[in-house]
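A.B. asks: One structure coming up, written as structure tokens, with questions to follow.
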Amino acid sequence: MSVGWRVGVFGGTFDPPHIGHAVVAREVVDAVGLDRLLWVPARIPPHKRGRAVTAAAVRRRMVEAAVGDDARFVLCDLELKREGVSYTVDTLRSLRAGHPAWSLFLILGPDLVAGFASWKEPEAIGRLAELVAVSRAGMPVPPAAEAVGACIVSVTPVDISSSRIRSRVVRGEAVSDMVVPGVLSIIEGERLYRAGPELRGGTRAGRKA
């Protein structure tokens, strides 16, 4: 990618990535004027304590399918390659070291903004990247967003979540309207989310950041 680009960092477990993720990604790119948005699946997400997470290699394939052919979206597998818990500050430092001329923007959902103060080295994160807090249109802005000095972007509400998709698959219900065809193919081919809370091919999530 080019020197001097404005690059967003869109992290998550992506278990699975869904249409709601893509809506947020597109609208944030437009609102902030980003040249590229990195989708960064976590190897061991620090905030997913207590449940198994689908194997990293499978989630990587799902994110590749979700990114599709949108030239603004790029899969970034830094965290999947790094051992241990996936801390955002480590990822930002790696990106800054490799691309010192980039302007980095860290995308945070409402739930992540609320717990940001408990993350590993939140002050360092704020120095490495500008914070972008996503707010659902028509919903109040989380007070924590202003407290951490985040830029606030209002996005179209989409009633989809990864946990809802997993629950629907467990119950044998359709999710074809919640994920792109490529992701659906992987869910069906790997028989994901069909064993209840212990996901097939998964690993136990790590500790809180």
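A.B. asks: When SER162 is evaluated against the numbered criteria (1) touching a residue at least 60 places away in the same chain (Cβ under 8 Å); (2) of a type in the set (Gly, Ala, Ser); (3) open to solvent by 40 Å² or more (accessible area, probe 1.4 Å), which criterion, by number, is the only one it fails?
C.D. replies: Going through (1) touching a residue at least 60 places away in the same chain (Cβ under 8 Å); (2) of a type in the set (Gly, Ala, Ser); (3) open to solvent by 40 Å² or more (accessible area, probe 1.4 Å) one by one, SER162 breaks only (3).
A.B. asks: Show the residue pairs that are 6+ apart or on different chains and have beta-carbon atoms under 7 Å apart, the first residue being within segment 111-128 and at positive phi, the second being part of a helix (DSSP H, G or I).
C.D. replies: If the second residue must be part of a helix (DSSP H, G or I), the pairs left are GLU121/VAL89.
A.B. asks: If only one of SER185, SER154 is at pLDDT 95 or above and either open to solvent by 70 Å² or more (accessible area, probe 1.4 Å) or closer than 25 Å to GLY68 by Cβ (or both), which one is it?
C.D. replies: Answer to the check: SER185.
A.B. asks: Hey, another quick one. Does segment 25-34 hold any residues that are of a type in the set (A, V, I, L, M) and either in contact with a Cys (Cβ under 9 Å, 6 or more places away or on another chain) or open to solvent by 20 Å² or more (accessible area, probe 1.4 Å) (or both), and which are they?
C.D. replies: If the condition is that a residue be of a type in the set (A, V, I, L, M) and either in contact with a Cys (Cβ under 9 Å, 6 or more places away or on another chain) or open to solvent by 20 Å² or more (accessible area, probe 1.4 Å) (or both), then ALA31, VAL32 are the ones that fit.
A.B. asks: Let me ask you something else. Is there any pair with a first residue in segment 76-96 that is closer than 20 Å to ALA124 by Cα and a second that is outside any helix (DSSP H, G or I) and among the polar types (S, T, N, Q) whose Cβ atoms are under 8 Å apart and which are 6 or more apart or on different chains, and what are they?
C.D. replies: Listed pairs, sorted by first residue: GLU79/SER86.
A.B. asks: Which residue out of VAL74, VAL3, VAL85 is open to solvent by less than 40 Å² (accessible area, probe 1.4 Å) and not basic (Lys, Arg)?
C.D. replies: Step by step, each of VAL74, VAL3, VAL85 is checked, and only VAL85 is open to solvent by less than 40 Å² (accessible area, probe 1.4 Å) and not basic (Lys, Arg).
A.B. asks: Just a yes or no: is a residue in segment 94-103 polar (S, T, N, Q), within 26 Å of GLY182 (Cα to Cα), assigned to a strand (DSSP E or B) and touching a strand residue (DSSP E or B) at 6+ places or on another chain (Cβ under 6 Å)?
C.D. replies: No: segment 94-103 contains no residue that is polar (S, T, N, Q), within 26 Å of GLY182 (Cα to Cα), assigned to a strand (DSSP E or B) and touching a strand residue (DSSP E or B) at 6+ places or on another chain (Cβ under 6 Å).
A.B. asks: Does SER176 fit the bill of being touching an Asp or Glu at 6+ places or on another chain (Cβ under 6 Å), of a type outside the set (Val, Ile, Thr) and at pLDDT 95 or above?
C.D. replies: It is false that SER176 is touching an Asp or Glu at 6+ places or on another chain (Cβ under 6 Å), of a type outside the set (Val, Ile, Thr) and at pLDDT 95 or above.
A.B. asks: Quick one: would you say ASP35 is at negative phi and touching a Phe, Trp or Tyr at 6+ places or on another chain (Cβ under 6 Å)?
C.D. replies: Taking the combined requirement at face value, the residue satisfies it.
The values are calculated or read from the model by the stated rules, or taken from the named source; none is laboratory data. Small disclaimer: the values here were computed from a predicted structure and weren't measured. Glycine gets a Cβ as well: all are built from the backbone with ideal geometry, and neighbour counts include every protein chain shown. For accessibility, only protein heavy atoms count, side chains too; no ligands or nucleic acids. Shrake-Rupley method; radii C 1.70, N 1.55, O 1.52, S 1.80 Å.
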